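A short write-up of the structure that comes next.
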Amino acid sequence: MSVNKVILLGNAGRDPEVRYLDSGVAVATLPLATSERGYTLSNGTQVPERTEWHNLVLWRGLAETAEKYVHKGDKLYVEGKIRTRSYDDQTGAKRYVTEIFVDAMEMLTPKNAAQTTPAQPTAQQSSPRPQGAPVHEDVTDDLPF
């Protein structure tokens, strides 16, 4: 038995980049920042705050939701799995990319705290799912690689 499960709580580093495959399937990517607070050891040594950046990949309905409602700085809770892929860059060197394929996402930034834009939902446009309920998507089909 093995488990590949990631849970992250952090802030969107930029607005999602969304593209649509020839089949019409939406794929969104965005960086998510998680930070550990700095602290002082008992001997007085200062340990600075550390920010880790995670590459999120969202598919189908999750990608469309992110496109409409997620903006730079928004707090997100995501669950997913780690996937690593490799490619050869222009010089022929092998490069590795580690990504989080998101299975569930909760948007935690309050509506009144976010800047109001036409893309954000109003009371009439809100989703039929209950507030705070995670969005689940099966992302195993139609992978482009």
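Condition first: within 10 Å of the chain's Cα centre (by Cα) and either within 27 Å of Lys111 (Cβ to Cβ) or surrounded by 15 or more Cβ atoms within 10 Å (Cβ to Cβ) (or both). Can you find one or more residues in segment 16-26 that meet it? First the steps, then the outcome.
Of the residues in segment 16-26, the ones within 10 Å of the chain's Cα centre (by Cα) are 16.
Within this subset, residues satisfying the condition of being either within 27 Å of Lys111 (Cβ to Cβ) or surrounded by 15 or more Cβ atoms within 10 Å (Cβ to Cβ) (or both) are 16.
Checked segment 16-26: at least one residue is within 10 Å of the chain's Cα centre (by Cα) and either within 27 Å of Lys111 (Cβ to Cβ) or surrounded by 15 or more Cβ atoms within 10 Å (Cβ to Cβ) (or both).
In this structure, does Gly44 turn out to be surrounded by fewer than 18 Cβ atoms within 10 Å (Cβ to Cβ), on the phi > 0 side of the Ramachandran plot and not polar (S, T, N, Q)? Give the steps one after another, and end with the answer.
Details: surrounded by fewer than 18 Cβ atoms within 10 Å (Cβ to Cβ): yes; on the phi > 0 side of the Ramachandran plot: yes; not polar (S, T, N, Q): yes.
Taking the combined requirement at face value, the residue satisfies it.
Each reported figure results from applying straightforward, stated rules to the coordinates on display, with no laboratory input. Fair warning: this is a prediction, and the values are worked out from it, not measured in the lab. FYI the Cβ positions are ideal-geometry reconstructions off the backbone, even for glycines, and counts take in every protein chain you see.
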